[in-house]
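A.B. asks: Dumping the structure here so I can ask a few things about it.
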Amino acid sequence: MLGSGVAGGALALALDGDGGGVTRTYSAAPVLNSADLPKIAASVQDSVVSITTDSGEGSGVVLSADGYVLTNNHVVASAAGNTVRVVFADGKNAEAKIVGTDPKTDLAVVKANGVSDLKPAKFGDSDAMQVGDQVLALGSPLGLQGSVTAGILSARDRTIRAGEGQPQDPSQQSQAVSSISGLLQTDAPINPGNSGGALVNTRGEVIGVNTAIATSGQSTGNIGVGFAIPSNKAKDVAGKLQRGEKVSHPSLGVGVNQAEGGGALVASVTAGSPAEKAGLQRGDVVTRFGDKAINDSDDLVGAVQAGKVGDRVEVQYKRNGVEKTATVTLAETS
C-alpha cells in the first residue's frame with residue numbers, strides 16, 4: 001500500500017520529461033562522516049517550512065526570498081479559500097495564497113503574504129544522484145516541525161501506484177488508479193506530514209521533494225521506503241507554476257496490466273488517442289517503447305511519462321503471438 005505524506009492526501013501522477021541525446025558529466029556528492037550531518041541539516045532547515053490547512057498538514061521548500069514555496073499538490077488540495085498557512089523555521093507564520101497546482105506531478109506553489117528575506121533552498125542535480133548516496137529528509141512529520149532524518153538513496157526511477165488489480169493508465173489519473181514515475185526511493189524515515197519537504201544531498205542541495213511512503217498492513221507510518229520527486233522535475237514544474245505557464249503531460253491513451261511472460265498488456269484504448277491512431281488494440285502486449293525494453297506495466301508507465309508531447313516513438317508489441325511495430329506520436333493529456 002502506498003500512502004501520501006499527509007493525512008487524507010492522495011497520490012497523483014508525476015512526469016519525468018528529461019530529454020535524451022546529451023552527454024553529461026556528473027560530480028557525485030561527497031560521502032561524509034555522520035558527525036558532519038548536523039552542519040548539513042542546519043544549512044537547510046531555514047529553507048524548509050510547515051504548511052497547514054483546515055484538514056491536513058505537510059511541508060514545503062522555500063523558492064524565493066519574497067515568499068514563494070514549493071510543496072505537494074495533495075498538501076494544499078483540501079485548502080479552503082485558496083489559502084494555506086505557512087510556518088517558518090523561526091516559528092513565525094503567514095497566510096499564503098495558492099499560486100498554481102499541477103495534480104499530475106503532485107506539485108504546487110504557494111506565495112506567503114508579507115514576508116521578505118527568506119532563505120531560498122539551493123537545488124541540486126537529481127540526475128547526478130547515485131544509489132547508495134547519503135541523503136537527509138527535512139520536514140514536519142506528524143506536525144513535528146524541523147524534523148531531520150538520514151538515510152541513503154535506495155533506488156532511482158521508481159514507479160509507484162495505488163488501486164492494485166485495476167488497469168494503470170500511463171497518461172491519466174483517477175481515484176481508483178494513479179501512478180507516479182521517475183521517483184527517487186530513500187530509506188530516510190519519512191511519515192505523514194513530510195510531504196512537500198526536502199530530500200537533500202551531502203552538499204545541502206535539494207535533490208528531491210518528499211511525496212509518498214510505502215506502508216504495511218494497517219500501519220500508516222514509516223517502514224523505510226519513501227519516495228521523492230526528483231529536483232530537476234520539481235524545479236522545472238515550479239518555475240512554470242510561478243510564471244503561470246501550462247505544464248505539459250504526454251499521453252499514449254492506453255490502460256495496461258501486467259502480461260503473463262512479461263510486457264505490458266493493453267487492457268483499454270482511449271478513442272482518438274495516439275495508441276488508437278497507431279493501431280494498438282486491447283489484448284496487445286507491448287514489449288518495447290522507443291529504446292526502452294518493457295518488462296512489465298510499470299515500465300510502460302514510466303517510459304510514456306519520460307517522453308514529451310509531440311515525440312514520435314516506435315512501439316514493439318505482440319498480437320496473438322506475432323511481433324508487430326507501430327509508431328505513435330504522444331499527445332497532450334486531456
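A.B. asks: Please state which one of 331, 228 is surrounded by 24 or more Cβ atoms within 10 Å (Cβ to Cβ) and under 22 Å from the mean Cα position of the chain (by Cα).
C.D. replies: The unique qualifying residue is 228.
A.B. asks: Can residue 123 be described as in contact with a Lys or Arg (Cβ under 6 Å, 6 or more places away or on another chain), at pLDDT 95 or above and buried (at least 18 other Cβ atoms within 10 Å of the Cβ)?
C.D. replies: Working: in contact with a Lys or Arg (Cβ under 6 Å, 6 or more places away or on another chain): yes; at pLDDT 95 or above: yes; buried (at least 18 other Cβ atoms within 10 Å of the Cβ): yes.
In short, yes.
A.B. asks: Among the candidates 325, 287, which residue alone is surrounded by fewer than 19 Cβ atoms within 10 Å (Cβ to Cβ), among the hydroxyl-bearing types (Ser, Thr, Tyr) and not assigned by TED's automatic domain parsing to the domain that holds residue 160?
C.D. replies: The conditions single out 325.
A.B. asks: Would you mind telling me which numbered condition in (1) modelled with pLDDT of 95 or more; (2) over 18 Å from residue 236 (Cβ atoms) residue 82 fails?
C.D. replies: (1)
A.B. asks: Here's a follow-up. Looking at residue 277, is it within 29 Å of residue 199 (Cβ to Cβ), at pLDDT 90 or above and either touching a helix residue (DSSP H, G or I) at 6+ places or on another chain (Cβ under 6 Å) or not acidic (Asp, Glu) (or both)?
C.D. replies: For residue 277, the condition - within 29 Å of residue 199 (Cβ to Cβ), at pLDDT 90 or above and either touching a helix residue (DSSP H, G or I) at 6+ places or on another chain (Cβ under 6 Å) or not acidic (Asp, Glu) (or both) - is not met.
A.B. asks: Would you confirm whether or not the range 226-244 contains a residue that is aliphatic (A, V, I, L, M) and over 22 Å from residue 307 (Cβ atoms)? Can you show your working first?
C.D. replies: Applying the first criterion (aliphatic (A, V, I, L, M)) to the range 226-244 yields 228-229, 234, 237-238, 241.
Still in the list and also over 22 Å from residue 307 (Cβ atoms): none.
Checked the range 226-244: no residue is aliphatic (A, V, I, L, M) and over 22 Å from residue 307 (Cβ atoms).
A.B. asks: In the list 332, 276, which residue meets the criterion of being of a type in the set (D, E, K, R), out of contact with any Cys (no Cβ under 6 Å at 6 or more places or on another chain) and in contact (Cβ under 8 Å) with a residue 40 or more places away in the chain? Don't jump to the end; show me each part of the working.
C.D. replies: Numbers: 276 fails: in contact (Cβ under 8 Å) with a residue 40 or more places away in the chain.
Unique residue meeting the criteria: 332.
A.B. asks: Let me ask you something else. Say we look at the range 221-247 and pick out the residues that are touching a helix residue (DSSP H, G or I) at 6+ places or on another chain (Cβ under 9 Å) and of a type in the set (S, T, N, Q); which of these is farthest from residue 141 (Cα to Cα)?
C.D. replies: Ranking the candidates gives 232 first.
A.B. asks: Taking the condition of a type in the set (A, V, I, L, M) and either modelled with pLDDT of 95 or more or in contact with a helix residue (DSSP H, G or I) (Cβ under 6 Å, 6 or more places away or on another chain) (or both), does residue 77 pass?
C.D. replies: Taking the combined requirement at face value, the residue does not satisfy it.
A.B. asks: Give the range 26-52 a look and list any residue that's part of a loop (DSSP other than H, G, I, E, B), surrounded by 21 or more Cβ atoms within 10 Å (Cβ to Cβ) and at pLDDT 90 or above, or say none.
C.D. replies: Listed by number, the list holds a single entry, 47.
A.B. asks: Then there's this: In the range 203-224, which residue that is surrounded by fewer than 20 Cβ atoms within 10 Å (Cβ to Cβ) and among the β-branched types (Val, Ile, Thr) is nearest to residue 331 (Cα to Cα)?
C.D. replies: Among them, the one singled out is 215.
The values are calculated or read from the model by the stated rules, or taken from the named source; none is laboratory data. Source: prediction; values computed, not measured. Counting neighbours? That spans all protein chains shown, and the Cβs are built from the backbone with ideal geometry, glycine included.
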